[in-house]
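Reading through the structure tokens given below for one structure.
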Amino acid sequence: NEIAFLNNQFPIEVTIEGNLSNKKSFNVSLFDNGEKIKTERLEHQDSDYSLLKTKFLVDAKTTGVHHYVVKIETIKGESNIQNNERSIYVEVLDDRSNVLLLAEGLHPDIGAIKNALNQEQNIEVTSSLIKDIPNDLSDFDLIIWHSPGISRNNSVFDRLLNVNKPFWYIIGSRTKQSIIEQLGIASNVQTTGQSDKVGVAHNEFFKPFELSKETRSNFAIFPPLTINYGKIQVNNSSNILGYQKVGAITKKDPLYYFGKKGSQKFGVTYGTGLWSWKLADYQKNSNNTAFNEIISKTIQYLIIKENTSRLRIKLPTLFNADENIVVNATFYNKSYQPITDPSISFELFNEKGDKIDYSFLPGDNSYSLDLGRLLPGKYQWLANCQYNGETFKKEGSFVVKKLELESINTKANHSLLNQIATN
């Protein structure tokens with residue numbers, strides 16, 4: 001894999017071929033940035049062709065681009081040792097998110113949501129009752145709050161109101177109208193204190209994220225949720241994933257929607273009973289793929305931070321040595337309109353620390369810079385510009401991989417050569 005995630009394990013699989021090999025053992029070693037981290041002992045078969053495989057499980061301990069080298073020990077009499085070494089590059093990302101699943105009472109929704117999130121490798125879930133809420137909420141990237149306000153724990157409720165984090169509110173029929181108004185998740189809400197059952201109608205014009213066709217088709221078979229009887233209206237800027245549905249009639253009231261309070265996003269499921277969606281999904285499809293996708297993409301959308309940087313650089317982290325490297329940039333004014341007034345400089349540093357200075361070429365609404373082809377190795381870069389007395393900077397790194405096709409396979413392909421000669 002070219003990408004791994006911090007604090008996870010990832011595999012590096014190695015295949016070794018031997019031609020006319022004797023029965024001899026040898027070491028295969030893995031190096032990370034020059035340091036040997038793993039060694040395996042293998043033995044060739046005594047045959048015309050020997051094929052061996054091994055796998056290294058590597059701990060992703062630090063972020064950044066790691067240069068791994070696999071080396072096999074030279075066997076006495078070996079005619080070609082150029083292909084006894086192979087370089088690979090893996091970028092380790094710190095993409096793990098912490099989610100607090102907060103319940104004001106026991107409910108089967110909690111287990112269903114937690115089970116779906118446990119399928120996500122890069123999400124760590126902490127579940128808690130309101131009375132046992134963690135003292136420090138700063139480490140959480142998202143708080144899922146089930147049935148807010150029903151425990152009448154005013155001190156914790158007030159504390160959560162002041163937490164500047166994304167929230168997913170799951171509003172039960174016991175959540176009072178006054179609580180919903182305090183949460184600020186609707187422009188107008190009117191409830192009678194009674195409960196009602198409503199189905200869900202998928203909104204085909206929903207844009208924030210894409211659900212698969214198979215998952216969208218499942219909305220029609222999902223059982224009703226239990227909601228507060230009455231009306232709920234949201235701002236025009238809200239994004240509605242699903243509307244309330246009574247029988248064959250789709251109402252204008254939302255059941256599942258997303259909005260923003262200031263700079264923070266929030267999601268609302270205006271009803272409880274999500275666990276029944278999970279059961280219905282399994283009953284129809286013999287799996288929970290659709291339910292898990294809805295939960296997963298809800299979480300991903302709420303967690304992802306919007307890029308508010310005014311200087312943005314688009315540059316992949318891995319290139320082949322035969323590729324032209326093109327860097328794209330965009331600069332925004334305070335109204336976040338793309339402009340090309342300022343000059344953007346680009347400094348490139350190789351592994352020896354040598355620096356080359358470049359400048360971006362402005363276009364209509366963006367900039368571009370063609371670095372051409374670069375020698376294999378790891379490079380650091382720094383882009384900066386000045387505009388209206390302010391300085392904007394971005395920095396990063398990328399790797400140019402060496403092409404090793406010729407050194408990997410040095411055995412003549414006689415059938416191909418014969419075919420070429422015949423042609």
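The values are calculated or read from the model by the stated rules, or taken from the named source; none is laboratory data. No experiment lies behind these values; they were computed from the predicted model shown. Neighbour counts run over all protein chains shown; Cβ positions are idealised from the backbone, glycine included. Protein only, heavy atoms only, side chains kept; ligands, DNA and RNA dropped before computing areas. Shrake-Rupley method; radii C 1.70, N 1.55, O 1.52, S 1.80 Å.
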Could you say whether any residue in segment 283-291 is under 30 Å from THR192 (Cβ atoms) and touching a helix residue (DSSP H, G or I) at 6+ places or on another chain (Cβ under 8 Å)?
no
Take segment 51-109 and flag every residue that is of a type in the set (Ser, Thr, Tyr), over 30 Å from SER138 (Cα atoms) and loosely packed, with under 14 Cβ neighbours inside 10 Å.
THR74, SER79
From LYS352, LYS394, LYS314, residue being of a type in the set (Lys, Arg), under 30 Å from GLY34 (Cβ atoms) and within 25 Å of the chain's Cα centre (by Cα)
LYS394
What is the one condition in (1) at pLDDT 95 or above; (2) out of contact with any helix residue (DSSP H, G or I) (no Cβ under 7 Å at 6 or more places or on another chain); (3) open to solvent by 80 Å² or more (accessible area, probe 1.4 Å) that TRP275 does not satisfy?
(2)
Considering only segment 278-300, how many residues are within 30 Å of THR330 (Cβ to Cβ) and crowded, with 18+ Cβ neighbours inside 10 Å?
2
Go through segment 357-375 and give me each residue that's part of a strand (DSSP E or B) and either within 18 Å of TYR336 (Cα to Cα) or open to solvent by less than 70 Å² (accessible area, probe 1.4 Å) (or both).
TYR358, PRO362, TYR367, SER368, LEU369, LEU371, GLY372
Give just the number: which of (1) touching a residue at least 24 places away in the same chain (Cβ under 8 Å); (2) assigned to a helix (DSSP H, G or I); (3) open to solvent by 70 Å² or more (accessible area, probe 1.4 Å) does LYS231 not satisfy?
(2)
I want to confirm something. Restricting to segment 172-209 and keeping residues that are surrounded by fewer than 12 Cβ atoms within 10 Å (Cβ to Cβ) and assigned to a loop (DSSP other than H, G, I, E, B), which single residue is modelled with the lowest pLDDT?
LYS207
Can you find a residue in segment 327-344 that is of a type outside the set (D, E, K, R), closer than 25 Å to TYR89 by Cβ, in a strand (DSSP E or B) and more than 26 Å from the chain's Cα centre (by Cα)?
no
Please determine, by comparing only the residues of segment 376-423 that are among the small types (Gly, Ala, Ser) and open to solvent by less than 40 Å² (accessible area, probe 1.4 Å), which one is modelled with the highest pLDDT.
ALA383
State whether one or more residues within segment 213-225 are open to solvent by 60 Å² or more (accessible area, probe 1.4 Å) and among the aliphatic types (A, V, I, L, M).
yes
Note on segment 120-136: residues within 15 Å of the chain's Cα centre (by Cα) and either without any contact (Cβ under 8 Å) to a residue 24 or more places away in the chain or loosely packed, with under 13 Cβ neighbours inside 10 Å (or both) are GLN121
Across segment 235-271, which residue is least open to solvent (accessible area, probe 1.4 Å) among those that are touching a residue at least 24 places away in the same chain (Cβ under 8 Å), touching a Pro at 6+ places or on another chain (Cβ under 9 Å) and of a type in the set (Ser, Thr, Tyr)?
TYR270
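The rows are residues; the columns are (1) of a type in the set (Lys, Arg); (2) surrounded by 14 or more Cβ atoms within 10 Å (Cβ to Cβ).
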| position | (1), (2) |
| --- | --- |
| ALA4 | no, yes |
| ILE12 | no, yes |
| SER21 | no, yes |
| LYS24 | yes, yes |
| GLU35 | no, no |
| LYS38 | yes, yes |
| HIS44 | no, yes |
Against the conditions (1) open to solvent by 30 Å² or more (accessible area, probe 1.4 Å); (2) more than 25 Å from the chain's Cα centre (by Cα); (3) under 30 Å from TYR367 (Cα atoms); (4) of a type in the set (A, V, I, L, M, F, W, C), where does ALA321 fall short? Just the number, please.
(1)
